[in-house]
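First up is the structure itself, then whatever we jot down about it.
The values are calculated or read from the model by the stated rules, or taken from the named source; none is laboratory data. Given the structure is predicted, the values throughout are model-derived calculations rather than measurements. Methodologically, a virtual Cβ is constructed for each residue, glycine included, from the backbone with ideal geometry; neighbour enumeration extends over all protein chains shown. Note: accessible area is taken over every heavy atom of the protein model, side chains too, but ligands, DNA and RNA are not part of it. Shrake-Rupley method; radii C 1.70, N 1.55, O 1.52, S 1.80 Å.
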Amino acid sequence: MSTSHIRIEGLRKTFPAPRGGVAVTVFDQVWFGIEKGEFVCLIGHSGCGKTTLLNILAGLDESSGGGIVVNGKEITGPSLDRAVIFQHHALLPWLTVMGNVAFAVRSRHSGWDNAKVRAHCQKYIDLVHLTGSEMKKPSQLSGGMKQRVGIARALAIEPDILLMDEPFSALDALTRGSLQDELVSICAATQQTSFMITHDIDEAILLADKIVLMSNGPEARVCEIVENTLPKGRTRKDMHRHPHYYPMRNHLLEFLVNRANSFKTELSDPGYDPMHPPVTRPGVGQPAARPIDAPGDPLPEAKTAGR
Amino acid sequence: MQLPLGLRAGLLSVVLFIAFIAIWQAAVSGTGKVADIDPEYAKLMGASAVTGASAMPGPGDIGVTLWQHLSDPFYDNGPNDKGIGLQLGYSILRVLAGFGLAVVTAIPLGFLIGMSPLVYKALDPYIQILKPISPLAWMPLALYTIKDSGLSAIFVIFICSVWPMLLNTAFGVASVRKEWLNVARTLEVGQLRTAIAVILPAAAPTIMTGVRISIGIAWLVIVAAEMLVGGTGIGYFVWNEWNNLSITNVIIAILAIGVIGMVLDQALGWLARLVAYQE
Ligand SMILES: Nc1ncnc2c1ncn2[C@@H]1O[C@H](COP(=O)(O)OP(=O)(O)OP(=O)(O)O)[C@@H](O)[C@H]1O
Ligand SMILES: [Mg+2]
């Protein structure tokens, strides 16, 4: 892990005590790494500190202990190399689609003239299929389109890593699906290093090379790192046919339903080392949990994490 | 078929106007010869005593005088006889001067206050004490220190229009969505560019609300201020015509004050729509 492109090392976040209360340590001893070109998802229950972790990674918040090392250097604040796609798009409502993307591009390339900025923005607006909506204001766009602008804005600065905090959670299932597909193809084409928080197990299986499981707070830890055993090039339509799909899905679901909460007991296990959380590869070396062409979806709703 | 709402409202406005004029006319016109009085005495007392007509001018009188004013608004026959347009011009200039000074003071200062919770807290007690003071209460102090009645009036306009803009700017700047600031931070946008490209447009609608309230107050206060300092301006005109017992001119001045106030407010309303955005 010490060679990873991005290393989260012993990260801790404690919020100071509110008047009369006690300080809460949201998470502690969080260690994991993100390799170059890798897509990492973080799954955990509401309130375990996922957003806090992502904000520290983005440089928007400060850790209370431990640190984050990118390319061998400890981060000290926000950087154009770490682009953020916000949960609620965070578009500037007085700017057009083009204006929002251009705002980011001008921040990256302050020397570019207008024509060059526009051409560069156009490329990314086209990439997220918003051609023709360049001059619209965010209030004239649907939720999915707004999130696409957010994606275009983040990608247009060609960041080293893309950070996403539940970017699709506010969208309906159909829109979410098509945006996931687009993200898959964009990340595959550009080998974009990405880190994404999600509540959606299927989203994690579709997108992630590696899924980091976080236990419930306070004092949340990384319980386990799950390697995605489904082959690359999987799609939303066919991934459930793969023999590793149900082992993966059941493993993640089992974690969210039972283990995330009872993890405190696993913590005392002398085999657990927070610096090297166990790595599992569900489905590998096991018989398929279900027939390959299992009809329908008898499993309970995957999004158990929401309150 | 139903006429569009705008047209129906317009028609209703016209009907109300006609009704108002009719009632006004009826209220001021005489009931005929009320009493047999000595013609010599009647001559002395004027028509109103004989016919019962009110001394209050009717809409016709106002119309005639208004036409006279409108056909020559800018004449100047010495200190006590200037056209109403000229007087309004003086007032508008004073308001714009005081208000302009307030804009260039309040908006930058409000920006600083809004950006810094420390400055906000430190200045808050002063603002809370200064804000509720009637601007006219400053007048003697202004006359004493500035020693010029025209400038004192401008100062009073300044002091009354500064607070709404200061408070609205500070509030607007302090309540810019954290999300938007975070966007700027993750893009490594410098402080100055964040202030100009994010905070200013985000706070602009709130600032404009303050600006609009300010010009409204300034226009209210200028009439009173000019009554006090005298010399020129529509406030002085009203006072002067009252001393001349010309109710007609007073009514016309009231009308003019209303119209100019509306124009000022509409102009700023138009500006406010330019900077408005929909979330
Ligand atoms: N500024 C703050 N001051 C005090 N406590 C905070 C602050 N921000 C977050 N917390 C606490 O930290 C914990 C983690 O919050 P965080 O927003 O990171 O959760 P999350 O995992 O992203 O949850 P969700 O899935 O609902 O988004 C919560 O218990 C929250 O109450
Ligand atoms: Mg969150």
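Listed values, structure above:
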{"quantity": "All positions within segment A:167-191 that are within 16 Å of ligand 2 (Cβ to nearest atom) and either within 14 Å of chain B (Cβ to nearest Cβ) or open to solvent by 40 Å² or more (accessible area, probe 1.4 Å) (or both)", "calculated": "A:Pro167, A:Ser169, A:Ala170"}
{"quantity": "Hits in segment A:5-57 - residues which are within 11 Å of ligand 2 (Cβ to nearest atom) and within 14 Å of chain B (Cβ to nearest Cβ)", "calculated": "A:Thr51, A:Thr52, A:Leu54, A:Asn55"}
{"quantity": "So B:Ala122, is it closer than 30 Å to A:Gly99 by Cβ and either away from every other protein chain (no Cβ under 14 Å) or not polar (S, T, N, Q) (or both)", "calculated": "no"}
{"quantity": "Enumeration of residues in segment A:41-57 that are aliphatic (A, V, I, L, M) and either outside the structural domain of A:Ile225 (by TED's automatic domain parsing) or within 21 Å of A:Cys187 (Cβ to Cβ) (or both)", "calculated": "A:Leu42, A:Ile43, A:Leu53, A:Leu54, A:Leu57"}
{"quantity": "Some residue of segment A:229-238 being modelled with pLDDT of 85 or more and among the aliphatic types (A, V, I, L, M)", "calculated": "yes"}
{"quantity": "Helices (runs of 4 or more DSSP H) enclosed by segment B:141-243 - at least 3 residues per element that are open to solvent by 10 Å² or more (accessible area, probe 1.4 Å) and either among the polar types (S, T, N, Q) or within 14 Å of chain A (Cβ to nearest Cβ) (or both)", "calculated": "B:178-186, B:191-194, B:200-229"}
{"quantity": "Qualifying residue in segment A:22-36 (condition: without any contact (Cβ under 8 Å) to a residue 60 or more places away in the chain and over 16 Å from the mean Cα position of the chain (by Cα))", "calculated": "yes"}
{"quantity": "Pairs, first away from every other protein chain (no Cβ under 14 Å) in segment A:66-81, second among the charged types (D, E, K, R) and open to solvent by 20 Å² or more (accessible area, probe 1.4 Å), C-beta under 6 Å, six or more apart", "calculated": "A:Gly66/A:Glu9; A:Gly66/A:Arg12; A:Gly67/A:Glu9; A:Gly67/A:Glu74; A:Val69/A:Arg7"}
{"quantity": "Within segment A:7-23, tally of residues that are outside any loop (DSSP other than H, G, I, E, B) and open to solvent by less than 70 Å² (accessible area, probe 1.4 Å)", "calculated": "7"}
{"quantity": "Residue that is within 16 Å of ligand 1 (Cβ to nearest atom) and assigned to a loop (DSSP other than H, G, I, E, B), where the choices are A:Ser79, A:Ser46, A:Ser110", "calculated": "A:Ser46"}
{"quantity": "A:Glu62 being surrounded by fewer than 19 Cβ atoms within 10 Å (Cβ to Cβ), within 15 Å of ligand 1 (Cβ to nearest atom) and farther than 16 Å from A:Asp165 by Cβ", "calculated": "yes"}
{"quantity": "Matching residues in segment A:199-210 - criterion: being within 15 Å of ligand 1 (Cβ to nearest atom) and either outside the structural domain of A:Asp238 (by TED's automatic domain parsing) or open to solvent by less than 30 Å² (accessible area, probe 1.4 Å) (or both)", "calculated": "A:Asp200, A:Ile201, A:Glu203, A:Ala204"}
{"quantity": "Condition met for A:Val69 (of a type in the set (A, V, I, L, M, F, W, C) and over 30 Å from A:Lys232 (Cα atoms))", "calculated": "no"}
{"quantity": "Pair list, Cβ < 7 Å and 6+ apart or interchain, from segment A:159-176 residues that are among the small types (Gly, Ala, Ser) to residues that are open to solvent by 30 Å² or more (accessible area, probe 1.4 Å) and away from ligand 1 (no atom under 16 Å from the Cβ)", "calculated": "A:Ala170/A:Gly143"}
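Each row is one residue, and each column tells you yes or no for (1) of a type outside the set (A, V, I, L, M); (2) modelled with pLDDT under 90; (3) open to solvent by 20 Å² or more (accessible area, probe 1.4 Å).
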{"site": "A:Phe32", "(1), (2), (3)": "yes, no, no"}
{"site": "A:Lys36", "(1), (2), (3)": "yes, no, yes"}
{"site": "A:Leu42", "(1), (2), (3)": "no, no, no"}
{"site": "A:Leu53", "(1), (2), (3)": "no, no, no"}
{"site": "A:Ile75", "(1), (2), (3)": "no, no, yes"}
{"site": "A:Pro78", "(1), (2), (3)": "yes, no, yes"}
{"site": "A:Ile85", "(1), (2), (3)": "no, no, no"}
